[in-house]
Structures are given as C-alpha cells and as structure tokens.
Amino acid sequence: MSALRTRGLIGATLVVAVLGITAACGNENATSPPAAQPTDTPTTPGTPTPSPTPSGTPSTDCPDTIAAVRSATDKVVWGQGAATSTFNPVSVTICQYDAAASGQDYATVTTKRTGKQATDLFALVNAAKPVAKKPAICTKELGPTYVMRFTDNDRGVLSITAEAFGCRRLVPTSLEGQGKPGTLPAPRQVTAELVKSLGLR
C-alpha cells in the first residue's frame, strides 16, 4: 500500500471519528432547552390582602363582638336610670376583651362566679355613684373591656359593660327576661375596687 493512500485512510478515519464524537455529544446551541428564567408574578392592583382572623371564639356565654359591645355602650343615655339596681343575681359570666380588640373580635377570657361571689361583684357595681353626664376627660391608655352578664333565678340577664381604661365607663346595656323592670341602672364610672375584682380569676 502506498504512503499516499495510507495518509488518505488515516485522514478519513480521523474525520469520521471527529464527526462521530460531535454527533454523540450533540450541538449545545441546537439541542439544549432554554434555561428557566425567574419571572415576576404579576399582581393585580386593588387585590385585597387577607384580613387577620378575629380573636376569641363566639359562645352562648359571650355571644357579642367587641364592635357590638361598643355600639351598645355608645347608645346609652347618661343621666337616666335607677341609682341602685334591684336585680338579684345568683351568678355572673364575665366576658373579657383584649385591650387591642376591634371589629369582629370576641371575648378571649370567660369566667363565671356564683352565689356570694356574684352578689359581691354586683354590690361593687351598685356602689359606684351614677354620673349625670358622659365623661368628657378620658385617658389615652389601653385596657381590657369587660361585659358582666348577671343572671337571676328567673333566667333574667342583666348585661353591664365596664371599661378599665379611657373614660372608664360602667354602663348597663340590656335587661333580658320576661317580667323584668324596663328601667336599667344609671350609667356610672368604674371604681378601682371593681377593676381589681374583675381581674381576679
């Protein structure tokens, strides 16, 4: 075999080998899929953000939201009502709302007292002097709101709101039950003794 022919075979073999390797590896530009690129998720203007879940849980003992409690308290007319309530409670449920409660928040703490504990608490409510005019000077600190739901032997329920902050209103808001007197006790302001008693567990 001549040297010239041998060189030609070697050259052809090299060309075939190079082409085979290229085919096996593939062409990156032709066969590689485009790399995934991060994209910004479009946001729709005006989309509402989820609102926080209301605190507390509704119950038959404390069925009202803080918004309903404040609305009933604001509607009370100052300077009207009995100086001393003749209601005779046998038990009381105390619904405590957090200082930061708002809107649809429910009471987060519920306590019950019966017998002498209930009548002692009611005596503290009656001991506060009625106030003729809605308080005009109120402090800016935050504190809990309490709703006392006193119950008597006839299943009557007298609800009284007590604010341990701000204007410190002590306001009877409703009297439920057949045959109950229609006149609520007069609005007044909470005393330090009442706030202390309400804080007990």
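The values are calculated or read from the model by the stated rules, or taken from the named source; none is laboratory data. The model shown is predicted, which means the values in this text are computed figures rather than measured ones. Here Cβ is always computed from backbone atoms with ideal geometry, including for glycine, and neighbour counts include all displayed protein chains. Please note that ligands, DNA and RNA were not included when accessible areas were found on the heavy atoms of the full protein model with its side chains. Shrake-Rupley method; radii C 1.70, N 1.55, O 1.52, S 1.80 Å.
Could you tell me whether residue 150 is within 23 Å of residue 56 (Cβ to Cβ) and among the aromatic types (Phe, Trp, Tyr)? Criteria met by residue 150. Can you pull out every residue in region 58-82 that is part of a loop (DSSP other than H, G, I, E, B) and within 20 Å of residue 131 (Cα to Cα)? Within region 58-82, 76, 77, 78, 79, 80, 81 meet the criteria.
Based on what the data block shows, is residue 114 on the phi < 0 side of the Ramachandran plot and either modelled with pLDDT of 95 or more or of a type in the set (Asp, Glu) (or both)? Yes: the conditions hold for residue 114. Within region 138-173, if we keep just the residues that are of a type in the set (Gly, Ala, Ser) and under 24 Å from the mean Cα position of the chain (by Cα), the residue that is nearest to residue 114 (Cα to Cα) turns out to be 159. Taking the conditions exactly as written (out of contact with any His (no Cβ under 9 Å at 6 or more places or on another chain), over 19 Å from residue 87 (Cα atoms), open to solvent by less than 20 Å² (accessible area, probe 1.4 Å) and not acidic (Asp, Glu)), does residue 199 satisfy them or not? Here the answer is no, as residue 199 does not meet what is asked.
A quick yes/no check of all residues on (1) in contact with a Phe, Trp or Tyr (Cβ under 7 Å, 6 or more places away or on another chain); (2) open to solvent by 70 Å² or more (accessible area, probe 1.4 Å); (3) under 21 Å from residue 67 (Cα atoms):
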| residue | (1), (2), (3) |
| --- | --- |
| 105 | yes, no, yes |
| 112 | no, yes, no |
| 122 | yes, no, no |
| 125 | no, no, no |
| 132 | yes, yes, no |
| 168 | no, yes, yes |
| 178 | no, yes, no |
| 190 | no, no, yes |
